[in-house]
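Read the figures in this text as sums done on the coordinates, not as results from a lab. The structure presented is a predicted model; accordingly, all values stated were derived computationally and were not measured. Positions of Cβ are generated from backbone atoms using ideal geometry, with glycine treated the same way; all protein chains shown enter the neighbour counts.
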């Protein structure tokens, strides 16, 4: 199945507004990025921008493309908690920079570049890994989980460290030599390992 995302972009005097549409969902609103921030991609390979509660990571890659990871967040007014989801798209660099240089009102519609790249996963500590390998049920669950997650083209490596929770890990994304998102790969429901499930916490 083609899982590419449709990106709709339109310009204002100082910014570019992005909306995303996939088979599963569409962005709750437009995400505005200053043109000056997009043009920084000529000199910088990694930029973080925000728009109200949402934020995005922009990565300039060596193959003339930009990967944008949008984090669409909203605040629960009852208790102040944040909830939401993220979406990663890859776009050609040159047309994006042309859009950022445009002084007039322009519209751009493009499908994200299809990509199936998975970063290298490196276990920096081995105590919890040895416990996982020794248990066939947990080993299969972790292998299945890792094969379905961390499929970010811009991330070159996922480093796994021991977590205090059994069979679980703290992870750090690496974008070249820079650190990205950190979090946990936690096995929940360990009172019954047959039904226990791994999930990501960031």
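Observations
- Shown for 20, 12: other C-beta atoms within 10 Å of each C-beta, ranked fewest to most, produce the order 12, 20.
- Antiparallel beta bridges, as assigned by DSSP with both residues in the chain, represent about 95 percent of the total such bridges.
- Put simply, when 130-139, 86-95 are sorted by average Cβ atoms within 10 angstrom per residue, most first, you get 86-95, 130-139.
- Sorting 40, 69, 148 from the fewest to the most surrounding beta carbons within 10 angstrom yields 148, 40, 69.
- Between 0 and 90°, nearest 10: helix 136-148 axis offset from the chain longest Cα axis: 10 degrees
- Mean separation of Cα contacts under 8 Å, 6 or more apart, over the residue count of the chain: relative contact order %: 15 percent
- By the count of neighbouring beta-carbon atoms within 10 Å, fewest first, 108, 72, 85 end up ordered 85, 108, 72.
- Debye log10 I(q)/I(0) for the chain, one point scatterer per Cα, at q = 0.09 Å⁻¹: -0.42
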